[in-house]
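Structure record follows, encoded as structure tokens.
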Amino acid sequence: MPQVFDPYSRWLGIPAGDHPPDHYALLGLAPFEQGPEVIREAAERQAARLRPHRQGEHAELSTRILHDLSAALDCLLDPRQKAEYDDRLRRAGRMDD
């Protein structure tokens, strides 16, 4: 039986059970990280891991995840969006402070 390709696990080190990843997991951050520079650097690090895959068999998948990284970065750097997102995570019981 062929193994299903898991780009989150293979490229970003996100465990298979954590899919779809929340913004923090996608960026490789601790839950509810507050530091804008830490968030920015994490997004750059994760994007660098994906860029080599923009060509080839998984190019479309890599591009989609790069867009997801960008959306996560935008959300977590905007104080209002971040507060709303964090509140949704807490209400869903996905994370604790």
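Descriptive notes on the structure:
- Averaged per residue, the chain has 65 square angstrom of accessible surface, using a 1.4 angstrom probe with ligands and nucleic acids left out.
- Apportionment of accessible area to carbon and sulfur, the chain, percent (1.4 Å): 50 percent
- Relative frequency of Cα-Cα separations exceeding 17 Å in region 1-48, percent: 36 percent
- Dimensionless Rg/Rh of the chain - Kirkwood Rh, Rg from C-alpha atoms: 0.99
- Treating r as the C-beta distance of Ala30 and Glu57 and R0 as 35 Å, the FRET efficiency rounds to 0.60.
- Gain upon complete extension [Ala71, Ala92; 0.36 nm per residue less C-alpha separation]: 5.5 nm
- Only helices enter the 222 nm calculation for the chain: every DSSP H run of n ≥ 4 contributes -39,500 (n - 2.57), and dividing by all residues gives -18500 deg cm²/dmol, rounded to 500.
The values are calculated or read from the model by the stated rules, or taken from the named source; none is laboratory data. This one's a predicted model, so the numbers in the text were calculated from it and none came from an experiment. Reconstructed Cβ throughout: ideal geometry from the backbone, glycine too, with neighbour counts over all protein chains shown. Ligands, DNA and RNA are stripped out before the accessible areas are found, and what is left, the full protein with its side chains, is counted by its heavy atoms. Shrake-Rupley method; radii C 1.70, N 1.55, O 1.52, S 1.80 Å.
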